[in-house]
Amino acid sequence: ETAGKAAAGEAKKDKTLEEITLEMLEQLGASVRPARNVPNVEALSWVLEQLRSSNPPSTLDMEWFSMGDPQATELAAALKANSSVTELKLRYNEIRDDGAVALAGALESHESLETLTLGNNMIANRGAEALAKAIASKGKVSTLDLRYNSMGPTLPEAFCELKSLTLLDIRANRLESLPAKLGELTQLKTLVIERNHDLAPASLNSASPTDELLKALRAQETG
């Protein structure tokens, strides 16, 4: 028995970090979450393989993948042929407008998506608008997280069509104003706008409860 354990230990030492981590990933099932130390090329390749399998995951957790626009475009191509993903987590990457537009093209036909988190990327208005239009067309996304991106100075009007949203996090962008019609999103329970520029109108106090923020936006439309 001791000899067997020793042999197993020696075999494990011969494996690379990538091999050990990918073996662990195979046991995760529907939730894909590679270790941060795995090179993004290896991790992305594994995820794409899972998306193309006969039993694709429902949750993709691809935070800290160091994904740029080329990798986001590759992911988008795989998502076009997959309708099982309900939650897509892409925070802490390097996705810009081109990558966001590519993802939007895939999500236009993705009817099962409910949660999309793209915080801590580099997405500006062009990419954000494309994403909003894509998910508005299906009306199922309830959670949209775009914190710590580069949107501004105004939030695209397309966000006002996200009727199914219950949570919208747009904190720490470059926003100076929000469209008045955003206040008409009656399903919205949580709106996070702190750490932007001085938002207009002055009645938009980022510390206010969501219902008061929506009321202030509606007042802006009628004022």
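Taking the Cβ-Cβ separation of Ser66 and Ala219 as r and a Förster radius of 45 Å, what is the calculated FRET efficiency to the nearest 0.05? Walk me through the numbers before you get to the answer.
Details: r = 43 Å, r/R0 = 0.96.
Given R0 = 45 Å and the Cβ-Cβ separation, E is 0.55.
Counting only protein heavy atoms and using a 1.4 Å probe, the accessible area of Leu199 comes to about 20 Å². When the C-alpha to C-alpha distance is required to be over 27 Å, the pairs from Lys89/Lys215; Lys80/Lys189; Lys140/Lys189 that qualify are Lys89/Lys215; Lys80/Lys189. From largest to smallest, the equivalent ellipsoid semi-axes obtained for region 85-223 from the alpha-carbon gyration tensor read 23, 16, 12 Å.
The values are calculated or read from the model by the stated rules, or taken from the named source; none is laboratory data. Bear in mind the structure is a predicted one, so any value in this text is a computation, not a measurement. Don't worry about glycine lacking a Cβ; one is built from the backbone with ideal geometry, like all the others, and counts go over all protein chains shown. Surface areas here come from the heavy atoms of the whole protein model, side chains and all, with no ligands, DNA or RNA. Shrake-Rupley method; radii C 1.70, N 1.55, O 1.52, S 1.80 Å.
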